[in-house]
Amino acid sequence: MLICVMMDYKENVKEELIMKILNFGSMNLDHVYQVPHFSLPGESLSVTELKTGPGGKGLNQSIAMAKAGAKVYHGGCLGDGGAMLQKLLEENGVDTSLLCPVAEAQGHAIIQVAPNGENSILYYGGSNRCVTEAQIEATLAPFTKGDLLVLQNEIVLLPEIIEKAFAKGLTILLNPSPFDEVLQQVDFGKLDWLIINELEAGFLTGSQDPDQAWEVLHGRYPRLSAVITLGGAGSRAYQVHGDKVEKVCQDAFKVQAVDTTGAGDTFTGYFAAGLMHGDALEICIKTAAMAAAISVTRSGAASSVPMRAEVELAMAQL
Ligand code: RIB
């Protein structure tokens, strides 16, 4: 049944919309600690539960796109200790032939998860900081105009990747997380899609109100479309069609949160897969919201991403 649903989805793709997706992004080993509360300054906190699993915003998004039914290539660096991450990508149908092995420890994250499912993350780049200019050329080489490039901010040389991808005519979607000073070097005018949360919207535009933030973004970068996620208040999508803007508001689906790690990545991956499938904006954002909602009911990052069949079943039951 699962296979049938996924095949139907792929078979429905209109011929002209079959483009490739490259996710040039991070891969992490996530060390997840269940904590009674986030550790406080100066506090030593004893923790009884530790799980190590697959993560990294890039990897999580690749897995989400693949589980949503898209054909995905994952580019980036494979460090020492990262073999299980490559294996997981491949088991989920992601093409890993563009990964570059590097002599550096695999990137990792130390994640505290509180009883209400909230997380607090320390990210160590490691292998993800080994991307080179030559690697960017080689990784982008197989992709052409109209293919989608998905990016986050956990690898180095992000501004250079965007410059080169723009010159090739790729469609570029950026999830600028974690938000840091590197983003000041990014030319947002070269992006097609931005997926940000309300805090990031505040950093970028001075307003966490989605409509106000959008007005600022649209004024600065007229061809940029955006999704602004608002946690429990859902999300807003603004898509530019020539001189018109289509706006869609999506409520959050209410669930019992176990672990919110990777929910944003699940959202981004499902949203990107929907766009490449040619789905209406309303469907893209609703499917992404449902996939993210299901992911927070489970532990882990990449391992909490649901299959498309589960997402469709949950939507059919609304
Ligand atoms: O977005 C969640 C991810 O952020 C985790 O998997 C962790 O690796 C950090 O990069």
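Ligands, DNA and RNA are left out, and with a 1.4 angstrom probe the accessible area of segment 232-318 is 40 Å² per residue.
Relative contact order of segment 164-318, taken over Cα pairs closer than 8 Å and 6 or more residues apart, is 15 percent. Note on R220 and A233: the model spin-label points, each 7 Å out from Cα along the C-beta direction, lie 2.0 nm apart. Leaving out ligands, DNA and RNA, what percent of the accessible area of the chain is carbon and sulfur, probe 1.4 Å? C and S fraction of accessible area: 55 percent. When both bridge partners sit in the chain, DSSP labels roughly 45% of those beta bridges antiparallel. First measure r as the distance between the Cβ atoms of T297 and A105, then evaluate 1/(1 + (r/R0)^6) with R0 = 30 Å and state the FRET efficiency to the nearest 0.05. Efficiency, from the Cβ-Cβ distance: 0.40.
Would you mind calculating the relative contact order of the chain from Cα pairs under 8 angstrom and at least 6 residues apart, reporting the percent as a whole number?
Once divided by the residue count of the chain, the mean separation gives 19 percent.
Here the extension length gained between K87 and Q185 equals 31.9 nm, from 0.36 nm per residue of separation less the Cα-Cα distance.
In terms of its C-alpha gyration tensor, the chain has a rounded overall shape, because the principal axis ratio a/c (a ≥ b ≥ c, square roots of the eigenvalues) stays below 1.5. Once both labels are positioned 7 Å from their Cα atoms along Cα-to-Cβ, the gap between Y124 and E43 label points is 2.3 nm. Here the label points at Q208 and A134, each 7 Å from Cα along the C-beta direction, are separated by 4.6 nm in the simple model.
Using 0.36 nm per residue and subtracting the Cα-Cα separation, the extra length available between L199 and K254 on full extension is 17.7 nm.
The distance from the alpha carbon centre of segment 114-164 to that of segment 266-318 is 22 Å, rounded to a whole number. Computing FRET efficiency as 1/(1 + (r/R0)^6) for K244 and A316, where r is the C-beta to C-beta distance and R0 is 35 Å, gives about 0.65. So what is the relative contact order for segment 257-318, in percent, with contacts set as C-alpha pairs under 8 Å and at least six apart? Averaging sequence separation for qualifying contacts and normalising by length gives 41 percent for segment 257-318.
Would you please give the FRET efficiency between K51 and D80, computed as 1/(1 + (r/R0)^6) with r the Cβ-Cβ distance and R0 = 25 Å, to the nearest 0.05? The partial results should precede the final answer.
Values: r = 20 Å, r/R0 = 0.82.
Once the sixth-power term is evaluated, E becomes 0.75.
Computed over the chain, the per-residue total of -39500 (n - 2.57) for DSSP H runs of n ≥ 4 gives a 222 nm mean residue ellipticity of -10000 deg cm²/dmol, rounded to 500.
Averaged per residue, segment 7-136 has 47 square angstrom of accessible surface, using a 1.4 angstrom probe with ligands and nucleic acids left out. The Cα-based radius of gyration of segment 50-197, divided by its Kirkwood radius, gives an Rg/Rh of 0.95.
The values are calculated or read from the model by the stated rules, or taken from the named source; none is laboratory data. Everything numeric in this text was worked out from a predicted model, so none of it was measured. Backbone-built Cβ (ideal geometry, glycine too); neighbour counts: all protein chains shown. The protein model used for the area step is the full one, side chains on, heavy atoms only, and it has no ligands, DNA or RNA in it. Shrake-Rupley method; radii C 1.70, N 1.55, O 1.52, S 1.80 Å.
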